[in-house]
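The values are calculated or read from the model by the stated rules, or taken from the named source; none is laboratory data. Fair warning: this is a prediction, and the values are worked out from it, not measured in the lab. Here the Cβ positions follow ideal geometry from the backbone for every residue, glycine too, while neighbour counts run over all protein chains shown. We work out accessible area using only protein heavy atoms, side chains counted, and drop any ligands, DNA or RNA first. Shrake-Rupley method; radii C 1.70, N 1.55, O 1.52, S 1.80 Å.
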Amino acid sequence: MSISESEEKNDRMQRLTAVRPRLVSFARLQLRDPAQAEDAVQEALAAAIEKDDTFSGRSGYETWVFGILKYKILDALRAQRRNGRWQPLENELDEEAIDRLFQQNGRWQEDARPSSWGDPEAAFLNERFWQVFDTCMIALPDNIARVFSLRELMGLSTEDICKETGIKENNCWVILHRARLRLRACIERGWLSEEK
Amino acid sequence: MMFKMMMCKEATRLMSKRLDAPLSFQEKLSLKLHLAMCDACTECNKQFALLHEVGPRFEMLVSEIPDEGGSSRQE
Ligand SMILES: [Zn+2]
């Protein structure tokens, strides 16, 4: 190995250390179990080091590692499901939590009416937004959060989510609707209250 | 065409579904009409869209970790 190659490799090891905390928080949102999240990240980092020479100096090293982590998370989720660690997803299909947000006639309840969050770009750049998002994800029931994060964090199609979770696509839409309504309500409480 | 005005609850269902699957012509039209008249749902629609972006944004955050000592790589 030439000197510059080994320097590059060294640089990549440092980058792994730097990116680790964010990978762990991503995995935790997904797996909802700190120990399993640590394991998944550990495995992803080990795989990245082992496969280092397949990453041939292209840009986007962190994105490449992130991709590896997504596979590891899916593996871990499948194991959770196999080991019976998931509650039946059909339990999430009751309308109650949603009904509280709306009046009988289908209009928003006065205290549930969405307000403006301001510029979305500014939200994404604000560390505080991500803290609120994290807190609100943790507060969601496991099943709802799992479907939401498969869709919105992992970017799976609802068709693929059906395969991973064994629910019908229609139920998947129902759960996602629920997740989005609950998340937006929670984020609005946390986000707007702190800003003022 | 008989047209019953859609209410907020149903509108949020469609604005959520729109992010996961294509809406029918009829659904698109009803949603559009509702959004044109309802400020609360318009905000909700923006917020759902924002939540739909969190994945790519998280990924950007991960890839923008600053190197210590500054990176010498310029591609
Ligand atoms: Zn409305």
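Kindly list, by first and then second residue, each pair from a residue in the range B:39-55 that is more than 7 Å from chain A (Cβ to nearest Cβ) to a residue that is among the basic types (Lys, Arg), limited to pairs with Cβ atoms under 9 Å and residues at least 6 apart or on different chains.
From residues that are more than 7 Å from chain A (Cβ to nearest Cβ), the pairs are B:Asp39/A:Arg113; B:Asn45/B:Arg18.
When A:Cys172 is evaluated against the numbered criteria (1) free of Cβ contacts under 8 Å to residues at least 24 places away in the same chain; (2) touching a helix residue (DSSP H, G or I) at 6+ places or on another chain (Cβ under 9 Å), which criterion, by number, is the only one it fails?
Tallying (1) free of Cβ contacts under 8 Å to residues at least 24 places away in the same chain; (2) touching a helix residue (DSSP H, G or I) at 6+ places or on another chain (Cβ under 9 Å), A:Cys172 fails exactly one: (1).
This table checks each residue for (1) aromatic (Phe, Trp, Tyr); (2) within 21 Å of the chain's Cα centre (by Cα).
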residue: A:Leu69; (1), (2): no, yes
residue: A:Glu95; (1), (2): no, no
residue: A:Phe102; (1), (2): yes, no
residue: A:Arg107; (1), (2): no, no
residue: A:Pro114; (1), (2): no, no
residue: A:Thr135; (1), (2): no, yes
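Cβ contacts < 7 Å: first residue farther than 27 Å from A:Glu96 by Cα, restricted to the range A:123-149; second residue among the basic types (Lys, Arg), any location; separation 6+ or different chain. Result?
A:Phe124/B:Arg57
Are there any helices (runs of 4 or more DSSP H) wholly within the range A:61-141 with 1 or more residues that are of a type in the set (D, E, K, R) and open to solvent by less than 60 Å² (accessible area, probe 1.4 Å), and if so which?
A:61-82, A:127-139
Of all residues being open to solvent by 30 Å² or more (accessible area, probe 1.4 Å), within 7 Å of another protein chain (Cβ to nearest Cβ) and within 14 Å of the ligand (Cβ to nearest atom) in the range B:4-23, which is farthest from the chain's Cα centre (by Cα)? Just the residue, please.
The extreme case among them is B:Met7.
Kindly indicate whether any position in the range A:166-180 is open to solvent by 10 Å² or more (accessible area, probe 1.4 Å) and within 15 Å of the chain's Cα centre (by Cα).
no
Being outside any helix (DSSP H, G or I) and near the ligand (Cβ under 9 Å from one of its atoms) is the filter here, so list the residues in the range B:24-48 that pass it. Spell out the reasoning first.
First, the residues of the range B:24-48 that are outside any helix (DSSP H, G or I): B:24, B:38.
Within the range B:24-48, B:Cys38 is the sole residue that qualifies.
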